[in-house]
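Worksheet: the structure to be examined is printed underneath.
The values are calculated or read from the model by the stated rules, or taken from the named source; none is laboratory data. Just so it is clear, the model here is predicted, and its values are computed rather than measured. Cβ: placed from backbone, ideal geometry, glycine included. Neighbour counts: every protein chain shown. Quick note on the areas: whole protein, heavy atoms, side chains included, nothing else; ligands and nucleic acids left out. Shrake-Rupley method; radii C 1.70, N 1.55, O 1.52, S 1.80 Å.
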Amino acid sequence: QVQLVESGGGLVEAGDSLRLSCAPSGRTFRTYGMAWFRQVLGKEREFVAAINWSGQRTYYQDFIKGRFTISRSSAKNTVYLQMNSLKPEDTALYYCAARFDGSVSSEDRYDIWGQGTQVTVSS
């Protein structure tokens with residue numbers, strides 16, 4: 001069974017950067033559409049960014065405003081979320097998700113999800 005494993009979260013100060021990583025265990029993700037979502041305790045999970053199977057199309061939530069970049073490496077079988085100029089409001093549990101058919105969506109209709117990695121930004 002494919003599992004997604006996220007890493008790279010942590011505690012940083014406002015203005016700092018972090019790079020999150022997500023890798024599927026046990027299988028190549030070359031044909032999957034991949035996305036990042038985030039959730040604050042007590043609130044609904046929200047879409048952050050997505051990248052289609054080929055890496056040629058990326059999508060971002062409006063609040064990103066050029067601060068985050070999603071990318072993927074087939075060689076490393078990993079998808080990344082580079083987060084720059086972090087703000088306290090970016091504090092959340094960040095989830096990686098995959099769609100087997102290679103497409104992506106801002107809705108949370110994905111086939112598999114990781115356990116999440118916590119990002120905390122202090123002011």
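Report, by residue number, each residue of segment 23-44 that is of a type in the set (A, V, I, L, M, F, W, C), under 12 Å from the mean Cα position of the chain (by Cα) and under 15 Å from residue 100 (Cβ atoms).
Within segment 23-44, the first condition is being of a type in the set (A, V, I, L, M, F, W, C), and the residues that meet it are 23, 29, 34-37, 40-41.
So of that shortlist, the ones also under 12 Å from the mean Cα position of the chain (by Cα) come out as 23, 34-37.
Across segment 23-44, the qualifying residues are 34, 35.
If residue 69 satisfies all but one of (1) of a type in the set (Ser, Thr, Tyr); (2) open to solvent by 60 Å² or more (accessible area, probe 1.4 Å); (3) at pLDDT 90 or above; (4) more than 18 Å from residue 6 (Cβ to Cβ), what's the number of the condition it fails?
All conditions pass for residue 69, except number (4).
Restricting to segment 13-32, name every residue that is open to solvent by 50 Å² or more (accessible area, probe 1.4 Å) and either under 17 Å from residue 50 (Cα atoms) or in contact with a Leu (Cβ under 6 Å, 6 or more places away or on another chain) (or both).
16, 19, 30, 31
Out of segment 70-89, which residues are closer than 17 Å to residue 33 by Cβ and in contact (Cβ under 8 Å) with a residue 12 or more places away in the chain?
Of everything in segment 70-89, those that are closer than 17 Å to residue 33 by Cβ and in contact (Cβ under 8 Å) with a residue 12 or more places away in the chain turn out to be 70, 71, 72, 74, 77, 78, 79, 80, 81.
Output yes when any residue across segment 42-60 is in contact with a Cys (Cβ under 6 Å, 6 or more places away or on another chain) and either under 20 Å from residue 123 (Cβ atoms) or at pLDDT 95 or above (or both), and no when none is.
Taking every residue of segment 42-60 in turn, none turns out to be in contact with a Cys (Cβ under 6 Å, 6 or more places away or on another chain) and either under 20 Å from residue 123 (Cβ atoms) or at pLDDT 95 or above (or both).
Check whether at least one residue in segment 76-99 is open to solvent by 50 Å² or more (accessible area, probe 1.4 Å), on the phi < 0 side of the Ramachandran plot, over 13 Å from the mean Cα position of the chain (by Cα) and among the β-branched types (Val, Ile, Thr), and report yes or no.
Residues of segment 76-99 that are open to solvent by 50 Å² or more (accessible area, probe 1.4 Å), as a first pass: 76, 82, 84-85, 87-89.
Within this subset, residues satisfying the condition of being on the phi < 0 side of the Ramachandran plot are 76, 82, 84, 87-89.
With the extra rule that they be over 13 Å from the mean Cα position of the chain (by Cα), the set shrinks to 76, 84, 87-89.
Now drop any that are not among the β-branched types (Val, Ile, Thr), which leaves none.
Within segment 76-99, none of the residues are open to solvent by 50 Å² or more (accessible area, probe 1.4 Å), on the phi < 0 side of the Ramachandran plot, over 13 Å from the mean Cα position of the chain (by Cα) and among the β-branched types (Val, Ile, Thr).
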